[in-house]
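The values are calculated or read from the model by the stated rules, or taken from the named source; none is laboratory data. Since we're looking at a predicted model, the values are computed, not measured. Methodologically, a virtual Cβ is constructed for each residue, glycine included, from the backbone with ideal geometry; neighbour enumeration extends over all protein chains shown. Just so you know, the surface numbers come from the protein's heavy atoms only, side chains and all, with ligands and any DNA or RNA stripped out. Shrake-Rupley method; radii C 1.70, N 1.55, O 1.52, S 1.80 Å.
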Amino acid sequence: MVRVMETLAEQGVTVLFKADAERMREGRKPWTFVASGGPFHEDLLVRTDAASVEACLKICLPLLRDRGLIVSG
């Protein structure tokens, strides 16, 4: 996961992973992944809420690749 975030940041993308304790207690999807910005991707916004970090990546990485970003990891 760290390498994915580094690779995106190197391309000017801001990446955020969040674990929400309240959603976790309520049995809802506690993990949030957000990727936005970038010098050539000003309108880039990829976001999902999921049950795990792996699930976030499984959903978001293909979307980022479809937008022309290089994603390793």
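Kindly write out, for the stretch 5-14 in residue order, the coupling ³J(HN,Hα) from the Karplus curve 6.51 cos²θ - 1.76 cosθ + 1.60 (θ = phi - 60°), rounded to whole Hz, with x marking Gly and Pro.
5, 4, 4, 5, 4, 4, 9, x, 9, 8
Determine how large the accessible area of Thr14 is when every protein chain is in place; take a 1.4 Å probe and give Å² rounded to the nearest 10.
90
If Phe40, Phe17 are ordered by their accessible area, calculated over protein heavy atoms with a 1.4 Å probe, which sequence runs from highest to lowest?
Largest accessible area first, the list is Phe40, Phe17.
Give me a comma-separated list of calculated 3J(HN,Hα) values for the stretch 57-63, in order, Karplus coefficients 6.51, -1.76, 1.60 applied at θ = phi - 60°, integers in Hz, x for any Gly or Pro.
For the stretch 57-63, the Karplus curve yields 5, 4, 7, 7, 4, x, 5 Hz.
Which one of Met5, Val15, Ala55 has its Cα pushed farthest toward the positive end of the charge dipole of the chain, where Lys and Arg give +1 and Asp and Glu give -1 at the Cβ?
Checked the options; the winner is Ala55.
If you count only protein heavy atoms with a 1.4 Å probe, what accessible area per residue comes out for the chain, rounded to a whole Å²?
It amounts to 62 Å² per residue over the chain.
Once you charge only the Cβ atoms, +1 for Lys and Arg and -1 for Asp and Glu, what is the size of the charge dipole of the chain about its Cα centre, to the nearest 20 debye?
Dipole magnitude for the chain comes out near 240 debye.
Pop out the ³J(HN,Hα) list for the stretch 16-32 in order, Karplus 6.51 cos²θ - 1.76 cosθ + 1.60 with θ = phi - 60°, rounded to Hz; leave Gly and Pro as x.
Each residue of the stretch 16-32 in turn: 9, 10, 9, 10, 9, 4, 5, 5, 4, 4, 7, x, 9, 4, x, 9, 10 Hz.
So if each residue of separation counts as 0.36 nm, and I subtract the Cα-Cα distance between Arg65 and Lys29, what length gain in nm does that give?
Full-extension gain reported as 10.6 nm.
Share of the chain's accessible area from carbon and sulfur, percent, 1.4 Å?
57
Once you've got the GNM for the chain with C-alpha springs shorter than 10 Å, pick whichever of Gly12, Gly38, Gly27 has the biggest mean-square fluctuation.
Evaluated over the chain, the most mobile residue of the options is Gly27.
In Å, what is the Rg of the alpha-carbon atoms in the chain, and how long is Dmax?
Cα radius of gyration and Dmax of the chain are 12.4, 39 Å respectively.
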